[in-house]
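For reference, the structure is listed below as C-alpha cells.
The values are calculated or read from the model by the stated rules, or taken from the named source; none is laboratory data. For clarity, every value in this text was computed on a predicted model and none was experimentally measured. Reconstructed Cβ throughout: ideal geometry from the backbone, glycine too, with neighbour counts over all protein chains shown. Side chains are part of the model used for accessible areas, which takes the heavy atoms of the whole protein and leaves out ligands, DNA and RNA. Shrake-Rupley method; radii C 1.70, N 1.55, O 1.52, S 1.80 Å.
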Amino acid sequence: VVEVGTDLDAAEARRVIDARGKIVTPGLVDSHVHVYDGVAQVGIQAEAVGLARGVTTLIDGGSAGATTFAGFREYVIRPSRTRVYSLLKISKPGMTVPHELAELTWVDPEAAVRTIEANRDVIVGLKVRMLADIPGGGDLEVMRRTRLAADAAKVPIVVHIGGQTSPLEQIFALLRPGDVVTHTLRRRGSIVQADGTVDPAVAEAQARGVHFDIGHGRGNLDFDTAEAAIADGFRPTTISSDVHRGNVAGPVFDLPTTMSKFLLLGMSMPEVVDAATRTPARIFGLPFGTLSPGSVADVSILEQVEGGISKSDFLNLLESV
C-alpha cells in the first residue's frame, strides 16, 4: 500500500478498480478451516473457500499432525493460489483418523516441536481438540502436553472446547496470553452457563490475554447461545468459519456469510471486519490485516446487501460469483 486518501490521482495507477458503494477491507483471514482435501476426513479444496469467496488467507485448523504434515505442505499449501497457513494438530496423525486422541501415545510434544521448527514459515500455532472419551478422562493431560510443545516452540495454542470432561476453568488455566479458545458459542460445552450468563472464567482468561474465536462449523454456533453471550457483554476476538466438507453447502458456506450472522447478532461492521482481518493476522503473526501505507496490498472488496433471501436464491448467488 503506497497511499490512502480521498483525492488520489487515478492517472498514476496501473489499474483502477471502481469500488464505489462497496466495503474495502484488508484481505479476509479465515483463521479456522479444514482444507486437507482427500486426506483429512472433512477436508475441502482451499480454492473453494478462499479467493473464490473473497478470502485471501486461510489457516487450516489442525487437519495435519506431525506424521501427516509433509503431505499437507506439498499438496495443499505449495500449489494453492489462496494463501494457506496451518495450525499443527498436537496428535501425530491429525484428522486422518476418526479420533486423534484415542491413543495418548499419539500426543507427542517432541514430534510436534520438530515439525514446527522445520516449517516455521507456514505453521502458526498448535491445535488441540477437547474430545469426549479421551482415555482415562485425560483432557488435562492432553492440555499439559500441548502446553509443553507450545512453550518449547513459542507458538500459540488453539483449543477446541465442547467435549472436555474437566471444568473450563481448569482448561483455561493452562492457557497463556495469545492462546485462543474456539467453538465458544456452541450449545453444549460452551462459555454460556445454564442461567444464560457467560462463565466468569471467560472474563478472567480475557483479562490475561486469551482470545475467543467463533469456529462456526456444522454445530458449533448456536444462535440462542450467541444471543445470550452478546447480551451479557461478550464479544468474540475472532470470527472464523470452520468451513469443511460437511458444512460448505450450509449452514456455513464461507467466511463472509459467517461475518454477516454477527451483524445480525448486533456487532458493528467495524467489529466484524476487525475480527476477520487485523485481529487474526496479529494473533498469528501474519504480515497482513491492515491497509496502512507500507503494508502488503492484500485487499477484499465486499458489498452489504440487506433483505431476506431463500436458501435456493442464496446458492444461486454463490454460483454466480
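If you go through the range 1-50 and keep only what is part of a helix (DSSP H, G or I) and open to solvent by less than 70 Å² (accessible area, probe 1.4 Å), you end up with A10, A46, E47, A48, V49.
When only residues in the range 199-223 that are more than 14 Å from the chain's Cα centre (by Cα) and of a type in the set (A, V, I, L, M) count, which is farthest from P280 (Cα to Cα)? The selected residue is A201. Closer than 27 Å to L286 by Cα and either open to solvent by 20 Å² or more (accessible area, probe 1.4 Å) or modelled with pLDDT under 95 (or both): is that true of L148 in this structure? Against the criterion (closer than 27 Å to L286 by Cα and either open to solvent by 20 Å² or more (accessible area, probe 1.4 Å) or modelled with pLDDT under 95 (or both)), L148 qualifies.
Within the range 193-209, can one find any residue that is buried (at least 23 other Cβ atoms within 10 Å of the Cβ), part of a strand (DSSP E or B) and touching an Asp or Glu at 6+ places or on another chain (Cβ under 9 Å)? Looking for residues that are buried (at least 23 other Cβ atoms within 10 Å of the Cβ), part of a strand (DSSP E or B) and touching an Asp or Glu at 6+ places or on another chain (Cβ under 9 Å), one finds none in the range 193-209, hence no.
Rundown of residues vs (1) in contact with a strand residue (DSSP E or B) (Cβ under 7 Å, 6 or more places away or on another chain); (2) crowded, with 17+ Cβ neighbours inside 10 Å; (3) outside any loop (DSSP other than H, G, I, E, B), yes/no style:
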{"residue": "P270", "(1), (2), (3)": "no, no, yes"}
{"residue": "V273", "(1), (2), (3)": "yes, yes, yes"}
{"residue": "T279", "(1), (2), (3)": "yes, yes, yes"}
{"residue": "G289", "(1), (2), (3)": "yes, yes, no"}
{"residue": "P293", "(1), (2), (3)": "no, no, no"}
{"residue": "I301", "(1), (2), (3)": "yes, no, yes"}
{"residue": "E306", "(1), (2), (3)": "no, no, no"}
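When the residues of the range 238-247 are narrowed to those that are assigned to a loop (DSSP other than H, G, I, E, B) and closer than 15 Å to L221 by Cβ, which ends up most open to solvent (accessible area, probe 1.4 Å)? Among those residues, the one meeting the criterion is G246. Just one residue in the set I134, I171, I157 is under 16 Å from S240 (Cβ atoms) and either touching a residue at least 40 places away in the same chain (Cβ under 8 Å) or β-branched (V, I, T) (or both); that residue is I157.
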